[in-house]
1. Taking the stretch 400-419 as the region of interest, how many residues are within 23 Å of K307 (Cβ to Cβ) and in a loop (DSSP other than H, G, I, E, B)?
2. For the stretch 458-472, does any single residue satisfy the condition of being closer than 26 Å to G394 by Cα and either in the same structural domain as F271 (by TED's automatic domain parsing) or within 31 Å of the chain's Cα centre (by Cα) (or both)?
3. Please determine, by comparing only the residues of the stretch 56-92 that are modelled with pLDDT of 85 or more and of a type in the set (K, R), which one is farthest from R139 (Cα to Cα).
4. Among residues belonging to the stretch 223-251 that are touching a Pro at 6+ places or on another chain (Cβ under 6 Å) and of a type outside the set (G, A, S), point out the one that is surrounded by the most Cβ atoms within 10 Å (Cβ to Cβ).
5. Pick out, from the stretch 100-215, the strands (runs of 3 or more DSSP E) lying fully within it that include 1 or more residues that are loosely packed, with under 15 Cβ neighbours inside 10 Å.
6. Say we look at the stretch 374-391 and pick out the residues that are of a type outside the set (A, V, I, L, M, F, W, C) and touching a Phe, Trp or Tyr at 6+ places or on another chain (Cβ under 7 Å); which of these is surrounded by the most Cβ atoms within 10 Å (Cβ to Cβ)?
7. So L371 fits all but one of (1) at pLDDT below 95; (2) buried (at least 24 other Cβ atoms within 10 Å of the Cβ); (3) of a type outside the set (S, T, Y); what number is the exception?
8. Could you look through the stretch 332-355, keep only residues that are of a type outside the set (V, I, T) and under 13 Å from G275 (Cα atoms), and pick out the one that is surrounded by the fewest Cβ atoms within 10 Å (Cβ to Cβ)?
Amino acid sequence: MSVSIQTETHTWVRLYAAMAMLHFGGTIAKLENMNKEEILQTVSRENIKFIHLMFSDLTGMAKSVTIPSAKLPDALADGVWFDGSSIEGFARIAESDMLLKLDPGTFAILPWDGELGKEARIICDIAMPDSSPFQGDPRTILKNNLKKLSDLGFTYNLGPECEFFLLKKTQNENGQSKPNYPLEPHDEGGYFDYTTDLARIVRREISEALTQMGIKVETSHHEVAIGQHEIDFEYANALKAADNVMTFKIVVKAIAERHNLHATFMPKPIFGINGSGMHVHQSLFLDGKNIFFDQSGRYYLSATAQKFIAGQLQHAKEMSLVLSPLVNSYKRLVPGYEAPVYIAWGQQNRSALIRIPRYIEGRPSAVRAELRCPDPACNPYLAFAVMAACGLDGIEKSLMPPEPVEENIYQIDQESRITRGIQTLPSSLGEAITATKSSDIIKNVLGAHTFDRIIEAKEIEWDEYRKSVSQWEVERYLGIY
């Protein structure tokens with residue numbers, strides 16, 4: 001197939017920095033499980049001008065290739081070629097031709113108009129020139145690992161909770177807006193505070209935009225830190241949940257931009273206040289029933305659920321590089337800010353790595369395990385893939401978790417933690433690299449190509465950080481030595 005397209009790949013916040021008015025309140029098309037003919041009819045009926053073919057690079061950044069709607073029939077039938085050599089973690093120069101294969105079930109009309117009219121997006125898988133799946137595609141990696149669960153009859157359901165900051169921006173002499181430095185949170189609100197400032201309007205617009213795109217919002221609220229917010233959406237199977245996280249980040253950044261605010265999913269943007277996490281609620285369903293539930297089990301958890309938890313606890317250090325992928329991630333994972341540091345589990349224990357929310361009588365489908373270490377900078381496809389694989393490893397090996405810990409672990413002294421076998425997550429990106437580098441299970445989950453690319457990229461990142469001289473060092477030492 002040969003088409004004339006906008007060939008640049010880009011982050012979506014740049015694409016929508018100059019977007020026009022939001023158009024809420026219209027009829028929401030049936031967005032899930034649309035077939036190709038229904039998509040074409042919707043594009044024609046809604047007079048959609050352009051389609052953004054979206055995919056993820058290795059780091060979890062949203063990329064896209066844009067086609068005019070007239071080219072959509074060919075794209076749905078044959079895919080769209082693009083140059084993958086410049087995408088993080090994809091092909092080398094000598095093998096740059098790659099194919100975008102559109103997933104019709106991800107079609108969504110964007111809830112804002114572009115400069116030339118209505119637009120939509122479709123999420124894509126990456127294929128090789130012979131149309132075989134590209135094994136370095138994060139979405140394909142997740143699909144491969146979910147198949148191992150589905151072959152056993154399991155559906156892996158997830159409810160991610162993405163936290164983010166809204167920061168003030170200022171225009172420079174060139175008319176460009178950049179976050180103020182030092183960083184300034186937009187508001188002075190606290191946990192669950194009801195406010196009437198701009199952030200409340202931004203959260204509302206984000207929620208409405210997500211609804212327009214077929215994502216069911218459950219709650220939105222101010223988080224613990226000033227300028228920090230959270231919007232939660234309904235749980236879904238792991239693939240749709242990962243797609244939803246990618247969509248969520250695009251929507252948050254685009255709508256913040258409209259209000260001259262900078263939205264960031266950086267795990268720890270500001271010293272001395274809470275960082276942003278992406279807690280993930282997990283459960284396994286079999287034949288439509290939540291098999292994590294057992295009326296007579298501890299915390300109402302089945303043996304299968306406890307084995308799944310045990311697998312994630314056993315591999316927690318190895319997962320860390322994927323779930324907390326930045327140098328900055330480990331400045332969030334410190335005691336005192338409700339971020340997990342210790343490899344333990346319990347009910348209502350926010351200092352533990354895995355928390356079991358309290359059971360509500362009559363709601364067995366809501367029994368779940370909340371993994372608290374991922375942060376919103378992670379690639380959700382890769383994160384959910386390693387979480388699934390490590391949980392499944394616990395089931396297959398019939399692992400059982402250690403005794404739960406209900407005390408505040410931050411207040412348990414080191415000697416007692418050692419006696420009780422409570423280990424810690426890696427305290428730096430360097431430690432996370434070391435833990436992951438020797439992990440057979442993570443290498444098997446990601447595949448040799450992606451595993452090697454991640455280790456290589458993160459070793460470079462860690463080396464650059466390790467050699468850099470920070471402002472803190474200058475201020476602390478320059479006047480003394």
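The values are calculated or read from the model by the stated rules, or taken from the named source; none is laboratory data. Every value quoted in this text rests on a predicted model; they were computed, and no experiment measured them. Every residue, glycine among them, receives a Cβ derived from its backbone with ideal geometry; neighbour counts consider all protein chains shown.
1. Summing the residues that are within 23 Å of K307 (Cβ to Cβ) and in a loop (DSSP other than H, G, I, E, B) in the stretch 400-419 gives 7.
2. No, every residue in the stretch 458-472 fails to be closer than 26 Å to G394 by Cα and either in the same structural domain as F271 (by TED's automatic domain parsing) or within 31 Å of the chain's Cα centre (by Cα) (or both).
3. Among residues in the stretch 56-92 that are modelled with pLDDT of 85 or more and of a type in the set (K, R), the one farthest from R139 (Cα to Cα) is K71.
4. Selected residue: V245.
5. So the answer is 117-127, 154-171, 177-179.
6. G391
7. Tallying (1) at pLDDT below 95; (2) buried (at least 24 other Cβ atoms within 10 Å of the Cβ); (3) of a type outside the set (S, T, Y), L371 fails exactly one: (1).
8. Only one residue tops the list, namely G336.
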